[in-house]
Amino acid sequence: MADLTCKDLSMTYRNPQTGAEVHALKDINFTLKKGELLAVLGPSGCGKTTLLNMVAGFLKPTAGEMILGDRLINGPGVERGMVFQQGALFEWQSVKKNVDFGLRMKKTKAVEAADLVEKWLDIVGLQGFGETPTYQLSGGMQQRVALARCLVNDPDVILMDEPLGALDALTREKMQSLILELWKETGKTIIIITHSVEEALLLGERLFVMAPRPGRIHKEYHLPFAERGLSEPLRAIRQDKDFTKVREEILTMIWNMEEEIMGRV
Amino acid sequence: MFEFIADQRAAIAAVFILTLLLAFGVSIYIGRKEYRKNGQDQVFGDPERTKGGWYWSLCGVSALLLIWFYFSWGVARAYFPNAANELCQIAKLDEALSPIRAVLPIGSRSYQSTQLVARNGAQIEALRDSMPKQAFSRDEQQVLELVIDDVQSLLGLSSDPDQQSPEVAAQIELLSQELRAIAIALDAGPSAVEPSAEALAQPKWGATYTEIPLLPVTARGILFDQLSQDAALLSDRFVTLKNIPPAYATRIPLITQKIEALSAATKAQQFSDADVEARKDYIKSLDRIFNRLDDGSIFPAGSFAPLMKVFQELARAQAHAKGSLKVIDALFVPGAGVVKSRTQCSEQGSGRWLPKPMDVVVTFAELADPDVEDGGGFKGTPLLWWKWLPIADVVAFVIPDALADLWAGEYARHGVDGKVQENTKDRLLALAQGDIDLGSVPALDGHLWDSLFRVLVAMGLGILCGVPVGIYMGVSQFIKGVLDPVVELYRPVPPLAWAPLILTIFGIQDDGKIFLLFMVAFAIMVISARTGAAGTQLSKIRASHSLGASNRQILLYVILPNALPEILTGVRIAIGVCWGTLVAAEMLAGTTGIGFIENVARTVSDYELIWVTILIMGILGLAFDLIMRWVIQKTIPWRGKG
Ligand SMILES: Nc1ncnc2c1ncn2[C@@H]1O[C@H](COP(=O)(O)OP(=O)(O)OP(=O)(O)O)[C@@H](O)[C@H]1O
Ligand SMILES: [Mg+2]
């Protein structure tokens, strides 16, 4: 069972010049079961990216530990794939080369790799773009490539930091459906950070609303909308009464937090 | 070939000029039309505006070539082939008259005599003020004052018209009349004298490296030439003319006597060493001024008035005799005209240092001619050709002798039979020293290839060593810390400042130059690779870690390609700097290379060759840059789009 467990996770940034400390995260505890889809929401600067980077292994927590399955997380690994806000594609290579990057690093056989790449390009809807240089793709297409590049490696956990932040509303909606589809089909554990409350509600089977200073989990929700999104059109869900109710509740919550920060400053 | 060009100069020039004028006009026409078509919908400052526009390049180039042609006197030589010869004859007359002109206020502000009086007067005053009183007794001081007064009075005597001997005045009058005869002859114009066979046999203007034919070939030229011979005789007589006033005869022995008495006193009496020194110096400077005044080169201000008048007439007559040549001179001979020196006439100003385009082409053709035996190439080496390169030489270069020494066993000794039986070790040594014939391969050869070879090898080594070092410096604190001071300390030193040292250590042949250029290329490649590597986006590195890449793989597949734009820019800059450094290094030392050619050309003032080398360097530099631009466009179209 590849569950993800975080125990008493804390992160303090220290400015080497001034010695000033920022408590980005403090005592985060949660367990994510295999196949759960977690959305993380919170005002800017509450430590969402920090949390994700620690799970990915890019940052070492100042206290606490993270366990994936039976192994302590210590540094980046192939079992945790990451999708960045701006794609972070290798612009000097074609779509195909980007997608099979992980396979090449593992020295997978070329034929095998080609099949896998074909399959994933199909799934993310980029069939026929294999030879296109990535810098010629639109933002939405670039995110699909990033997604395919991550998935082709077959990670246990997929980490996404505002993957749809830079996309227009329509592309965004398509990508949201795509993420739900992928989640259903692959049964992977997914953590997705977003700024959009709607997106969090639509995608998150579980939802953390985080609060800043120090960064902590303020409230946790278990939501039905992601399951429904697999069969119903997303637009219909958005109009749902329950949906709007939770949305307003969370918006007020975040709004209050922001007010509090402003007041404190 | 040369003769043909010389003969057909006018026709060739016509084609040349018309083509250029046409290109100039057409390019402006196209340019304006394009501008009208595209001009309106663009905003000022939009970088897109600078794209394309070959016609403006054509416009610039043709204008440049036309200016070159004009200022190199190309028009004059093509259409007025005898103009330079005639100007040369006029220059001869000017040269012949120059000794007389020198004493008159022509081309200077005052008479030479006025200048002499002013200068000597000032020096006498200075002498009076600087008398070392402690070294002379009171009596002697009075004597000295008197001597100085006497010397000063000489200035007055020679400036006084009444003191001038009537003979001198008569001589000046006579000279003036004879000079006037020259002016009259000029006014009369040329007579129908045929040029000598020798003159006609001279090579044409610019057809040899002696620029302008010296002997007159036209009637006008003959006139000036003959008159210049007359004028030379007059000048010879003029320079013997001295103004020695009769009063000098009594005055000078007196002064001499007093000065000698003072000198004698220095020897006879006991003075301290310092005083002896001071006395000697002072008497010596007094004596020097005195001697200068008794040579009769100062004349009363009015005595040259007749000469002045005649020279004005001469100037007018010369201008008159020049006739149509005046127009040609003014319009088509920009620069300082033709000057006659002792043995030859030469073009001055732009006509001298700016060779005619056709001469440059011919010089290039001679230089490019691979037939070294037949005078082609330069100093026994062609410009760019091929030769059979013995493979043994290459092998010897690659295998160090020490390898043979390290080989197992001993070198053979001579046996009891008095013979040496070679063993493997001996044969290996022979190979390492290039003594075994391995046949030959065709290889490039020549000055240009030597230069290119040095740059390319140095660039290759520089890239091979510099890029990895730079990349590691971009990612490793240790390597950056260790190598940064080394690179940053030697890099700011101008490469040529290293040259004396490097050339001493590695020799002035290829090794030294290649090492010098390697240093240049290495530093630039290190810095650019390092900047490129350090500029890799963190998210890309993180992504590749998550995708399972090892550190080595990240270096190779992420950081290196990310640094590629910077690296290629570095290569582009390094090639330019290397090329510049190489040429300078070749000028410093060595026996081959394009810089060597220019250096030799410089020492013999061969302006055609200098320009040919400059043009070759410019064109090659441009070619390097174009190639690099093309490579950059082809290899990194994604540059800046990540
Ligand atoms: N490298 C760093 N050094 C010091 N402080 C940092 C660093 N990175 C983040 N922080 C601080 O940690 C806190 C959390 O940052 P983080 O980037 O995790 O926020 P976030 O929730 O992702 O915000 P956003 O929604 O704006 O992306 C912030 O207050 C930030 O100032
Ligand atoms: Mg963030």
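Assorted remarks:
- With contacts taken as Cα pairs under 8 Å and at least 6 residues apart, chain A reaches a relative contact order of 24 percent.
- Shape category assigned to chain B from the gyration tensor of Cα positions, a/c cut at 1.5: prolate
- Near the amide H of A:Ala63, within less than 5 Å, lie the amide hydrogens of A:Ser10, all on another chain or at least 5 residues away, with H placed in the peptide plane.
- Rounded to 10°, Cα long-axis angle of helix B:495-506 versus longest principal axis of chain B: 70 degrees
- Counting Lys and Arg as +1 and Asp and Glu as -1 over every other residue whose Cβ lies under 14 Å from the Cβ of B:Phe71, the net charge comes to +1.
- In Hz, Karplus ³J(HN,Hα) per residue of region B:250-262 (6.51, -1.76, 1.60; θ = phi - 60°; x = Gly, Pro): 8, 5, 5, x, 4, 4, 3, 4, 4, 4, 5, 4, 4
- Taking B:Phe4, B:Phe71, B:Phe311 and counting other C-beta atoms within 10 Å, the order from fewest to most: B:Phe4, B:Phe71, B:Phe311
- In order along region A:97-106, phi translates into HN-Hα couplings of 5, 5, 5, 8, 3, x, 5, 5, 5, 7 Hz, rounded to whole numbers, per the Karplus curve 6.51 cos²θ - 1.76 cosθ + 1.60 with θ = phi - 60° and x for Gly and Pro.
- Cβ-Cβ FRET estimate between A:Asn74 and A:Asp8, R0 fixed at 22 Å, reported to 0.05: 0.85
- Most mobile listed residue (A:Lys119, A:Lys26, A:Lys107) in chain A, GNM with C-alpha springs under 10 Å: A:Lys107
- Cα gyration tensor category, rounded, prolate or oblate, for region B:2-71 with a/c compared to 1.5: prolate
- The protein assembly as shown: antiparallel DSSP beta bridges as a percent of all, rounded to 5: 65 percent
- Between helix B:305-322 and chain B there is an angle of about 50 degrees, using the helix long axis and the longest principal axis of the Cα atoms.
- Under-5 Å amide H pairs with A:Gly42, H placed in peptide plane, nonlocal only: A:Met210
- Centroid-to-centroid, using Cα positions, region B:142-161 and region B:604-642 are 72 Å apart.
- Cut-off under 5 Å, modelled amide H: who pairs with B:Leu389 long-range: B:Val441, B:Ala443
- Principal-axis tilt of helix B:594-603 within chain B, Cα atoms, nearest 10 degrees: 10 degrees
- Placing R0 at 41 angstrom, the Cβ-Cβ distance between B:Arg109 and B:Asp275 gives a FRET efficiency of 0.45 after rounding to 0.05.
- Relative contact order (percent, whole number), chain B, Cα cutoff 8 Å, 6+ residue spacing: 13 percent
- Working note: Karplus 6.51/-1.76/1.60 with θ = phi - 60° gives region B:97-106 the couplings 8, 4, x, 6, 4, 4, 8, 9, x, 10 Hz, where Gly and Pro are set to x.
- In a fully extended conformation the segment linking B:Asp374 and B:Ser57 would gain 110.2 nm over its present Cα-Cα distance, using 0.36 nm per residue.
- Global form of the protein assembly as shown, assessed from the alpha-carbon gyration tensor, a/c cut-off 1.5: prolate
- Dividing the convex hull volume of the alpha-carbon atoms in region B:474-598 by its residue count gives 110 Å³ per residue.
Read the figures in this text as sums done on the coordinates, not as results from a lab. Given the structure is predicted, the values throughout are model-derived calculations rather than measurements. A quick note on method: Cβ atoms are made from the backbone with ideal geometry, for glycine too, and the neighbour counts reach across all protein chains shown.
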